[in-house]
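Structure first, commentary second.
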Amino acid sequence: MKLLSVASEIHPLIKTGGLADVVGALPAALAGEGIQTRTLIPGYPSVMGRIGKSKKLHRYEALFGQPATLIGAKVGDLDLIVLDCPTCFAREGGPYDDMTGTGWSDNWRRFAAISRAGADIAAGLLKGWTPNVVHAHDWQAAMTLAYMRFGAAHAVPKVITIHNLAFQGWFDATIFDALGLPAEAWSMDGVEYYGGAGFLKAGLVSADAITTVSPSYAGEIRTPANGMGLQGLLTGRADRLHGILNGIDMDDWNPASDPLLAKTFSRRSLSGRGANRRSVERRFELDTDDSPLFIVISRLTLQKGMDMLADTVDHLVALGGKLAVLGSGDSALEGAFLAAAERHSGRVGVRIGYDEALSHMMQGGGDAILIPSRFEPCGLTQLYGLRYGCVPVVARVGGLADTVIDANQAALGAGVATGVQFAPPDAAGLRQAIDRTVTLHADRPLWTAMQRAGMAADFSWGKSAARYAALYRSLLP
Ligand code: ADP
């Protein structure tokens, strides 16, 4: 089977979050299911700079009025089709935002362009390679399915994955004419959404199957509390909605061979964690002692509950804990953590920014990773934490609820506990979870048993890839 995956990020070329990890890891996992994946991505500078030997596949004289080229390239085992459209993608800044964090004003055109190209490929644009199934990720790629449905590729099975319903790609109605869709696409059953053009919504109504990245999130998004306005639509399409848990790349994230660690370690021998811990303490200018070392690797946003954590830092320190925060996001939250580091010299350290290497070291040296999200489609950092013996302390929502086994008496007794959960996701709950964690950490044999139980859990892509493969096959004519 040939699969076209369409996405706006892919690890290791361009990443702002878990979407990139998933889009980058799924092709290798699907290969084991006999599926050949090609991934269509935008030609950002970081992508164009890395693709090396490449092949011109198609030239658009004018794609939304801009010259553009589809380029075939291999990076590692990834088989890429890159949309090289300099006026859309050759610019400094992030994939969605400029240097100041403001969304690019032409985002609708940039992501309609990649979607238009995806639909053209589905319709047979490339000689010798036409996909049997198209899989679009998030709002940036969602219009692929609308272009297919209202165009020549309407019969090709269409799958969309929601990685985060909070980002929907909503634009002013005035762009509709420029999208180049037939007039009938402007309807409740098409692109129109609350009077504007809804890219994600258009993908959801056009898809033959909708997936989310954890079973719990698939249920939560059908409720007013978490449906972000789309709960009615998603409830109406519940028979096509599937929750398939994300896996992790077990090679990139392997504590026994990770070159980004000061010292490697394994489930059997955890002693190497000490060297990583010292490295984290040095990098974050924290005291060198054995008190519980909490870490955070996150976008600093309200979704991630970082405001609750900022309000709980003093409590964490009063209990004798230490905190290392790596992240960036809302400037007020960045400021709150920097202020906490000033208040608690040696106990709280903060690095504002994105640092893949440091994130590995933190997972390898921290005692517990804090993830107090208000909602979490899947979450990957708890999975990396489990694999590295960094015990997750999480809000009981979405994928966090599905992957962490709370250290209640029954689970501890049975030796299956892997972390600490709290509910509802509020500051009081987080405080109590930190209290429980500090108490658990003081009982070293019990703590080590929890670390080992987490490290034994299998979050490789195998099972999930099999579910995606079964889903694709069920859609074939
Ligand atoms: P989301 O995609 O909602 O941001 P996930 O937990 O699904 O959250 O994925 C986040 C990914 O980004 C993980 O791979 C995590 O390690 C990484 N990450 C987040 N913030 C940083 C950071 N500041 N530095 C390095 N890696 C980060």
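Data table
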item	result
Of 462, 317, 357, farthest towards positive along the dipole that unit charges on Lys, Arg, Asp, Glu beta carbons give the range 316-462	317
Cysteines in the chain that, by Cβ-Cβ distance, have no pairing candidate under 4.7 Å	378, 390
Estimated [θ] at 222 nm from DSSP helical runs (n ≥ 4, -39500 (n - 2.57)) normalised by residues in the chain, nearest 500	-11000 deg cm²/dmol
For the range 190-255 and the range 1-79, distance of Cα centres in Å	22 Å
Cα gyration tensor shape for the range 1-98, rounded if a/c is under 1.5, else prolate or oblate	oblate
In sequence order, calculated HN-Hα J values of the range 118-123 (Karplus, 6.51, -1.76, 1.60; Hz; x Gly/Pro)	x, 5, 5, 5, 4, 8
Projected area averaged over orientations for the range 73-132, convex hull of C-alpha atoms, nm²	5.4 nm²
Beta bridges by DSSP in the chain, antiparallel share as percent, to the nearest 5	30 percent
DSSP beta bridges in the range 34-140 [antiparallel fraction, %, rounded to 5]	80 percent
All-pairs Cα distance distribution in the chain, expressed in whole percent, bin size 10 Å	4, 20, 29, 25, 15, 6, 1
Of every Cα-Cα pair in the range 222-330, the percent that sits beyond 21 Å	60 percent
Dipole in debye (nearest 20) - the chain, about Cα centre, beta carbon charges: Lys, Arg +1; Asp, Glu -1	1180 debye
Ratio Rg/Rh, restricted to the range 137-218 and using Cα atoms, in which Rh is the Kirkwood radius	0.96
Cα-based helix-to-principal-axis angle, 427-442 vs the chain, degrees rounded to 10	50 degrees
From phi via Karplus (6.51, -1.76, 1.60), per-residue ³J(HN,Hα) for the range 34-49 in Hz, x at Gly/Pro	x, 10, 9, 9, 10, 10, 8, 9, x, x, 5, x, 5, 7, 4, x
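Each reported figure results from applying straightforward, stated rules to the coordinates on display, with no laboratory input. In this text, all values refer to a predicted model and were calculated from it rather than measured experimentally. Here the Cβ is made from the backbone with ideal geometry for all residues, glycine too, and neighbour counts use every protein chain on show.
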